[in-house]
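First comes the structure, then the notes that go with it.
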Amino acid sequence: MDTINDTTYYDFRKAIHTNRLVGVWRMMSGFHLAYGGATLALAISALAKTTTLFLLRYFADLVAGDAQPLDGGMTETFVWIALGFVGLAVVEGGFAFLSGRMAAYTAESVTRRLRNFLFDHIQRLSFIYHGKTPTGDLIERVTSDVDALRRFFNEQAIGVGRIILLFVINFIAILQLRVDLGLVSVIAIPPILLVSLWFFKKVTDAYEKYQEQEAALSTTLQENLTGVRVVKAFARQEYEKDKFEKDNWEKYLRGKLLLLMHSLFWPLSDIVLGFQMLGGFVFGAFLAIDGQITAGTYVAYVGMVVWLIWPIRNLGRLIVQTSTGLVSYARLMEIIQQPREPLTEGIGEAQRSIKGGLVFDKVSFEYEDGLPVLKDISFSAQPGQVIALIGSTGSGKTSLVNLLPRFYDYTSGSLLLDGLELKEYSREFMRKNVGIVEQEPFLFSRTIRENITYGVGREVSQQEVERAAEAAAVHDVIQSFPDGYNTLVGEKGVTLSGGQKQRVTIARTLLKNPKILVLDDSTSAVDMETEAEIRAALNRLMENRTTFIIAHRIQSVMNADLILVMDKGEIVQMGRHAELVKQDGIYRKIYDIQTRVDEELEQELAV
Ligand code: CTP
Ligand code: MG
């Protein structure tokens, strides 16, 4: 019966609201009826409970001789009373069950679509956002905070309705018995509620701090796992352990504070409520002794008071627990209110196809305000040309090529693609047309074939896949695996070497057949011979596409149509290899060092 699409999609951005309760209510959009049903079922269940008490009163009065039996005589009356008790118990239990089911349904459905929404939303946020948000923090929010909300919907949201209903029903019932009895029974309630609300604020703050610390802890854990090799290589286990213990201790302290607050509040509220109950019992007892109320009324009253105080006791608890749900709501809304990257805004496939001519004119860019990473970059590339970037680490090479698929938008200057400002093209279009082999290759834990065909968006024949792999000089390696192209990569499969990974990502990008190809240090982990092989294959493939090559080896860049030498975010030299070696500058220095090293090597080998 259950199918994957059975919950209607809901855009949780509509649930952003400064009032957290309103926001949470909006999150339940489409399930308000189910929630209402759950509350109604609870009301019926509570009513049955109270009715039982009225029946009890009648029963007690009957036994004491204060009430009259039915027309059919005593025995028949007892039978009816017994049936009444059974019937009411069934109604009470049945509706409580129904209510629980509907609450669970609401909670599970709302959080499932919330999780789906978050997953999708997060992958649509900008590079800038991802650049500065720790992964562990995001994971914490999508798991722990969503779960806190699930509990909130399942227990607290319904609980509040139930408690209010129980209170109202039993209060009215007691008033039915005797008005002064009713009033005496609730004297302590208003102050308890006030204290609960004050406490609610305190706990909310404390819980917020607790969640923050938990997120910090998952970030530490996540980073430690990702970087486990570095940790081991630098023998930093002790340091990392201390850091984790410190974070964990902080979490413990914050958790302890929360528990302390709870352990102070509950006994206190229980004592007050205990006295309240006792006061009512004593007052009722005097009335009964005095003959003002019957024994049956007293018995029923005792039952009702229990059901009056019990909800209040839980209301305090719920108010406090609700804070966790509301804190989680706010923490999730921080993600949800982040603007998405507009993917399709601008010129798309339908309007234009591109040739790949680029003109940079005084392009500047900064990740953070006031810290320029690229300064007045000007050069142009004809369609089909090969542009090489060389320069010290951190000089802005990756930042420059990342402008092309619009991962980031330049902050000033003009960048024309085929005569039109780059920002006019949609991001989706640019990402389709610019293929980047990233500096840090990333492969999914899927098969090699899936990794190579990732993002092609159409059926690809095995032949095509193999051709791309051959061009990337990785076909033979893949063939040598027992499962060939169906070999799993990563945790459950083979672990590829750095160079193999790079070459698989090259194959992936080649298969995409982009108009603009960017190789960001893509052959750094590959030996010279293999690199030459890849370069030869690329030379064939580079025709008709503008290619950017970032490399540290002179051999990789010397055949380029234009070489840009970068330093501290600026182009300090520009030209072809033959010109640049003649100039006094960084390029010559790199060239000299590298040829000297090569010569020395050759000499050593010759000996
Ligand atoms: N930078 C940043 N935020 C990022 C990426 C980079 O602030 N998300 C900064 C870096 O600190 C660096 C500058 O931008 O100072 C240039 O970085 P990058 O373009 O990555 O340098 P590359 O020239 O690519 O360096 P490498 O050769 O090491 O890859
Ligand atoms: Mg780089």
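Brief remarks on what is shown
- Scanning the stretch 499-530 for residues that are crowded, with 24+ Cβ neighbours inside 10 Å, more than 13 Å from Ala469 (Cα to Cα) and within 16 Å of ligand 1 (Cβ to nearest atom) yields Val518, Leu519, Ser522, Thr523.
- Answer from Ala48, Ala104, Ala82, Ala89 - the residue that is modelled with pLDDT of 90 or more, over 24 Å from Tyr298 (Cα atoms) and out of contact with any strand residue (DSSP E or B) (no Cβ under 8 Å at 6 or more places or on another chain): Ala104
- Flag for Leu193 being at pLDDT below 90, touching a Pro at 6+ places or on another chain (Cβ under 6 Å) and either of a type outside the set (Lys, Arg) or under 30 Å from Asp409 (Cβ atoms) (or both): no
- Restricting the stretch 417-447 to residues that are surrounded by 16 or more Cβ atoms within 10 Å (Cβ to Cβ) and among the hydroxyl-bearing types (Ser, Thr, Tyr), the residue that is nearest to Gly490 (Cα to Cα): Thr447
- So Glu428, is it of a type in the set (Asp, Glu) and modelled with pLDDT of 90 or more: yes
- So Val160, is it under 30 Å from Leu308 (Cβ atoms), among the hydrophobic types (A, V, I, L, M, F, W, C) and modelled with pLDDT of 85 or more: no
- Taken over the stretch 127-143, residues that are of a type in the set (Gly, Ala, Ser) and crowded, with 19+ Cβ neighbours inside 10 Å amount to 1.
- Check on Ser269, in contact (Cβ under 8 Å) with a residue 60 or more places away in the chain and either among the small types (Gly, Ala, Ser) or over 30 Å from Asn224 (Cβ atoms) (or both): yes
- Val386 vs. criteria closer than 13 Å to Ile571 by Cβ, away from ligand 2 (no atom under 16 Å from the Cβ) and surrounded by 17 or more Cβ atoms within 10 Å (Cβ to Cβ): no
- Residues in the stretch 16-37 that are buried (at least 21 other Cβ atoms within 10 Å of the Cβ) and either modelled with pLDDT of 90 or more or not assigned by TED's automatic domain parsing to the domain that holds Ile163 (or both): Val24, Met27, Phe31.
- Residue selected from the stretch 519-529 under the condition within 11 Å of ligand 2 (Cβ to nearest atom) and not small (Gly, Ala, Ser), by the criterion farthest from Arg458 (Cα to Cα): Asp521
Okay, residues lined up against (1) assigned to a strand (DSSP E or B); (2) free of Cβ contacts under 8 Å to residues at least 24 places away in the same chain; (3) closer than 25 Å to Val572 by Cβ; (4) within 15 Å of ligand 2 (Cβ to nearest atom):
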site	(1), (2), (3), (4)
Ser395	no, no, yes, yes
Ser399	no, no, yes, yes
Leu404	no, no, yes, yes
Leu415	yes, no, yes, no
Arg431	no, no, no, no
Gly435	yes, no, no, no
Gln439	no, no, yes, yes
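- Which listed residue, of Val363, Val373, is within 16 Å of ligand 1 (Cβ to nearest atom), surrounded by 14 or more Cβ atoms within 10 Å (Cβ to Cβ) and free of Cβ contacts under 8 Å to residues at least 60 places away in the same chain: Val363
- Hits in the stretch 552-568 - residues which are within 12 Å of ligand 1 (Cβ to nearest atom) and surrounded by fewer than 22 Cβ atoms within 10 Å (Cβ to Cβ): His552, Asp567, Lys568
- Any chance Glu466 is farther than 22 Å from Ile563 by Cα, among the acidic types (Asp, Glu) and touching a residue at least 24 places away in the same chain (Cβ under 8 Å): no
- Checked against the criteria, Tyr454 counts as among the hydroxyl-bearing types (Ser, Thr, Tyr), assigned to a loop (DSSP other than H, G, I, E, B) and under 23 Å from Ala537 (Cβ atoms).
- Conditions (1) within 31 Å of the chain's Cα centre (by Cα); (2) surrounded by 21 or more Cβ atoms within 10 Å (Cβ to Cβ); number of the one not met by Ala173: (1)
- Restricting Ile550, Ile516 to those that are within 16 Å of ligand 2 (Cβ to nearest atom), in contact with a strand residue (DSSP E or B) (Cβ under 7 Å, 6 or more places away or on another chain), of a type outside the set (Gly, Ala, Ser) and assigned by TED's automatic domain parsing to the domain that holds Ser380 reduces the list to Ile550.
- Just so you know, in the stretch 417-429 the residues that are of a type outside the set (S, T, N, Q) and assigned to a loop (DSSP other than H, G, I, E, B) include one that is farthest from ligand 1 (Cβ to nearest atom), and it is Gly419.
- Only residues that are of a type in the set (Val, Ile, Thr) and either surrounded by 14 or more Cβ atoms within 10 Å (Cβ to Cβ) or in contact with an Asp or Glu (Cβ under 7 Å, 6 or more places away or on another chain) (or both) were counted across the stretch 65-112, and they come to 6.
- Looking across Ser392, Ser414, Ser399, one residue alone is surrounded by 14 or more Cβ atoms within 10 Å (Cβ to Cβ), away from ligand 1 (no atom under 14 Å from the Cβ) and of a type in the set (Gly, Ala, Ser). It is Ser414.
- Residue count, the stretch 113-125 (criterion: assigned to a helix (DSSP H, G or I) and surrounded by 14 or more Cβ atoms within 10 Å (Cβ to Cβ)): 8
- Count - residues of the stretch 578-607 that are in contact with a strand residue (DSSP E or B) (Cβ under 7 Å, 6 or more places away or on another chain) and surrounded by fewer than 17 Cβ atoms within 10 Å (Cβ to Cβ): 2
The values are calculated or read from the model by the stated rules, or taken from the named source; none is laboratory data. Please read all numbers here as calculations on a predicted model, not as lab measurements. Neighbour counts run over all protein chains shown; Cβ positions are idealised from the backbone, glycine included.
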